[in-house]
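Just so it is clear, none of the values below were taken in a lab; they were calculated from the coordinates. Keep in mind that what you see is a predicted model, and the values were worked out from it rather than measured. Because the Cβ atoms are built from the backbone with ideal geometry, glycine has one as well, and the counts that use them run over all protein chains shown.
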Amino acid sequence: MNETLTGREFQNKYMLWALIALELFMSFSFLGYIHIDPISITFVYIPVLAAGCLMGPKESTLVGAIFGLASMWKASAFYVGAGDMIFSPIQSGRIWRGRWNA
């Protein structure tokens, strides 16, 4: 079977790869997040929305999965641990029992 891509499929394939690249670029650079005390604004989810609007649910799910994996990878970074002990005492093993357990 000879599988050739039509013009529209070819265009969608490159658009999908471009949105994935944009998602990764925004996830790991300063362009995806703006931090101004006391609020943070994120633009990282925009390629996911664009994929859903331009191509459909399967492609949007793929770009969203990449967004989720990048977010989980960043959340496991070494510098997140200090904040996690403060804001998530159960996960860090420091449970409140009248005082903080050291």
Relative contact order [Cα under 8 Å, 6+ residues apart], the stretch 7-76, whole percent: 31 percent
Amide H within-cut-off set for TYR33, under 5 Å, with H built and near neighbours excluded: PHE43
Segment PHE25-ALA65, length gained on full extension (0.36 nm per residue, minus Cα span): 12.9 nm
Separation in nanometres of the label points that stand 7 Å from Cα toward Cβ, at TRP17 and ALA75: 3.1 nm
